[in-house]
Amino acid sequence: MSSPQTTPFERSHAAVLAARLTEPRRFLQVIAGARQVGKTTLVEQVLRNLGLPSVYISADEPALRDAAWLAAQWERARLLASSTPAEPGTVLALDEVQKIPGWSEAVKRLWDEDTRARLPLKVVLLGSAPLLMQQGLTESLAGRFEILRLPHWSFAEMRTAFGLSLDQYLYFGGYPGAAPLIPEPQRWRRYLLDALIETTIARDVLLMTRVDKPALLRRLFELCCRYSGQVLSYTKMLGQLQDAGNATTLAHYLDLLGGAGMLVGLQKYAGDAARQRGSSPKLQVLNTALLTAQSGLSPEEARTDHEFHGRLVESAVGAHLANAAASGGCEVFYWRERSREVDFVIRAGRTLVAIEVKSGRAPDALPGLGAFAERFRVKRTLLVGGDGVPLEMFLAKPVEHWLEA
């Protein structure tokens with residue numbers, strides 16, 4: 001199995017970034033996404049392929065990083081830009097920039113100084129806490145940036161880069177950095193738990209945001225992985241967690257985990273924003289690796305446990321849709337009315353598509369799709385799996401295909 005360091009980057013985002021960096025106009029290029037979805041590799045490969053003079057720095061190192069350190073690194077890039085041709089310019093890449101206190105104000109000041117001086121320095125900001133990145137951008141850098149959101153790797157990308165089969169993708173998910181460990185499932189699991197999950201919670205959530213009950217947040221993450229693909233009210237969550245928290249706290253912690261690119265709570269589609277916000281969330285991991293690593297099941301056990309495999313299939317479909325939504329391509333919901341349910345509803349503008357997943361857990365009859373189509377104007381209804389669209393075909397195509405085809 002190939003290493004991600006030697007495998008050509010197949011993501012379409014590389015072409016987008018390359019086009020932006022070679023434009024004459026200057027915008028802050030923001031690369032946002034969860035840990036280990038390939039942000040740094042993407043930037044390094046684009047810069048190498050374009051042959052642009054560049055300075056790369058990271059605030060993810062143990063030493064203290066502050067605004068003064070940021071200004072000193074920026075000055076390095078200014079000196080390089082002053083000694084190189086104006087076209088196509090010099091690039092400064094700042095990785096994990098959200099970990100620098102007051103980063104957005106410092107970046108605004110330095111960027112505006114370069115603009116006044118007409119210095120051809122282009123800046124790329126990378127961050128693994130999208131929620132915190134967005135806060136800093138909207139508070140201080142309005143009108144100065146473009147965002148390129150990197151979701152978790154899709155089945156098509158993992159298959160192209162690493163040769164994963166559908167069964168492998170369902171279990172091992174879309175983390176390119178962990179792909180070389182797939183032949184050793186136990187080692188892969190320890191890597192996910194220690195180097196990815198724990199690091200994300202400890203460094204991207206707890207160290208960056210005020211969390212009064214860190215133990216509750218960790219247990220909520222485990223609960224959400226265990227119930228991925230299921231609708232669970234906050235009252236039931238509190239009963240499972242046995243903590244003195246409240247629904248508001250859980251909703252906030254769920255937002256933090258979503259901001260870290262780990263999981264989300266999908267809202268019920270109601271055609272009314274207020275009713276949607278008040279619904280019980282459908283828990284959804286953004287990468288099935290989080291679900292399988294937390295389960296402790298081996299690949300063979302996950303495949304032969306029909307109940308678990310059904311949840312894994314539905315979670316893979318949900319992750320595929322939710323990652324598209326995180327990139328801005330659509331919105332994703334679920335729908336439930338009495339005993340009728342639709343697993344996923346995707347909306348782009350006025351286009352609605354209802355999706356039911358035949359995962360082995362769903363009933364043979366599908367009254368939900370028909371009831372939803374009668375109540376709302378849908379472009380199409382889709383059955384994924386069984387005698388519907390093959391799961392492999394659905395996951396191999398971008399979500400936009402099902403909205404436009």
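The values are calculated or read from the model by the stated rules, or taken from the named source; none is laboratory data. Worth saying up front: this structure is predicted, and the values here are computed from it rather than measured. Here the Cβ is made from the backbone with ideal geometry for all residues, glycine too, and neighbour counts use every protein chain on show.
Is it the case, given these coordinates, that Thr138 is out of contact with any Asp or Glu (no Cβ under 8 Å at 6 or more places or on another chain), part of a helix (DSSP H, G or I), at pLDDT 90 or above and not aliphatic (A, V, I, L, M)?
When the stated conditions are applied, Thr138 does not pass them.
Could you check region 198-218 and list, in sequence order, the residues that are in contact with a Phe, Trp or Tyr (Cβ under 8 Å, 6 or more places away or on another chain) and under 16 Å from Arg35 (Cβ atoms)?
The answer is Ile201, and nothing else.
Kindly check whether there is at least one residue in region 20-28 that is under 27 Å from the mean Cα position of the chain (by Cα), in a helix (DSSP H, G or I) and within 30 Å of Leu256 (Cβ to Cβ).
Yes, because at least one residue in region 20-28 is under 27 Å from the mean Cα position of the chain (by Cα), in a helix (DSSP H, G or I) and within 30 Å of Leu256 (Cβ to Cβ).
Gly239 - would you say it is surrounded by 15 or more Cβ atoms within 10 Å (Cβ to Cβ) and of a type in the set (Gly, Ala, Ser)?
The answer is no for Gly239.
Tally up the residues in region 170-206 that are in a loop (DSSP other than H, G, I, E, B) and either free of Cβ contacts under 8 Å to residues at least 12 places away in the same chain or under 19 Å from the mean Cα position of the chain (by Cα) (or both), please.
Qualifying residue count for the region: 4.
Based on this model, can you work out whether Gly368 counts as at pLDDT below 95 and surrounded by fewer than 16 Cβ atoms within 10 Å (Cβ to Cβ)?
no
I need the full set of residues from region 334-350 which are touching a helix residue (DSSP H, G or I) at 6+ places or on another chain (Cβ under 7 Å), at pLDDT 95 or above and not aliphatic (A, V, I, L, M), in order please.
Trp335, Asp343, Phe344 - these are the residues of region 334-350 that are touching a helix residue (DSSP H, G or I) at 6+ places or on another chain (Cβ under 7 Å), at pLDDT 95 or above and not aliphatic (A, V, I, L, M).
Quick one: which residue in Glu314, Glu400 is of a type in the set (D, E, K, R) and either on the phi > 0 side of the Ramachandran plot or in contact with a helix residue (DSSP H, G or I) (Cβ under 9 Å, 6 or more places away or on another chain) (or both)?
Exactly one residue qualifies, and that residue is Glu400.
Among (1) closer than 29 Å to Glu400 by Cβ; (2) assigned to a helix (DSSP H, G or I); (3) modelled with pLDDT of 95 or more; (4) small (Gly, Ala, Ser), where does Gly265 come up short?
With respect to (1) closer than 29 Å to Glu400 by Cβ; (2) assigned to a helix (DSSP H, G or I); (3) modelled with pLDDT of 95 or more; (4) small (Gly, Ala, Ser), Gly265 is out only on (2).
What number of residues within region 366-405 satisfy the criterion of being under 28 Å from the mean Cα position of the chain (by Cα), part of a helix (DSSP H, G or I) and among the small types (Gly, Ala, Ser)?
1
Would you be able to say whether some residue in region 335-342 is under 19 Å from Leu223 (Cβ atoms) and assigned by TED's automatic domain parsing to the domain that holds Ser228?
No; the residues of region 335-342 include none that is under 19 Å from Leu223 (Cβ atoms) and assigned by TED's automatic domain parsing to the domain that holds Ser228.
Collect the residues in region 291-336 that are assigned to a helix (DSSP H, G or I) and among the hydroxyl-bearing types (Ser, Thr, Tyr), keeping them in residue-number order.
Thr292, Ser295, Thr304, Ser315
Looking at region 143-169, which of the residues that are surrounded by fewer than 16 Cβ atoms within 10 Å (Cβ to Cβ) and not in a helix (DSSP H, G or I) is nearest to the chain's Cα centre (by Cα)?
Glu146
Give me a count of the residues in region 55-100 that are over 26 Å from the mean Cα position of the chain (by Cα) and within 16 Å of Ala19 (Cα to Cα).
4
Kindly indicate which of Ala71, Ala93 is closer than 14 Å to Val123 by Cβ, in contact with a helix residue (DSSP H, G or I) (Cβ under 8 Å, 6 or more places away or on another chain), surrounded by 20 or more Cβ atoms within 10 Å (Cβ to Cβ) and in the same structural domain as Ser128 (by TED's automatic domain parsing).
Ala93
Please specify each residue of region 180-204 satisfying the condition of being under 18 Å from Met262 (Cα atoms), touching a helix residue (DSSP H, G or I) at 6+ places or on another chain (Cβ under 8 Å) and not charged (D, E, K, R).
Trp188, Tyr191, Leu192, Leu193, Leu196, Ile197, Ile201
Within the bounds of region 103-117, is there any residue that is part of a loop (DSSP other than H, G, I, E, B) and surrounded by fewer than 23 Cβ atoms within 10 Å (Cβ to Cβ)?
The answer is no, given that none of the residues of region 103-117 is part of a loop (DSSP other than H, G, I, E, B) and surrounded by fewer than 23 Cβ atoms within 10 Å (Cβ to Cβ).
Being of a type in the set (Phe, Trp, Tyr), surrounded by fewer than 21 Cβ atoms within 10 Å (Cβ to Cβ) and either in contact with a Phe, Trp or Tyr (Cβ under 7 Å, 6 or more places away or on another chain) or part of a helix (DSSP H, G or I) (or both): is that true of Phe221 here?
No: the conditions fail for Phe221.
Return a yes/no flag: does region 207-214 have any residue that is surrounded by 17 or more Cβ atoms within 10 Å (Cβ to Cβ), part of a helix (DSSP H, G or I) and touching a residue at least 60 places away in the same chain (Cβ under 8 Å).
no
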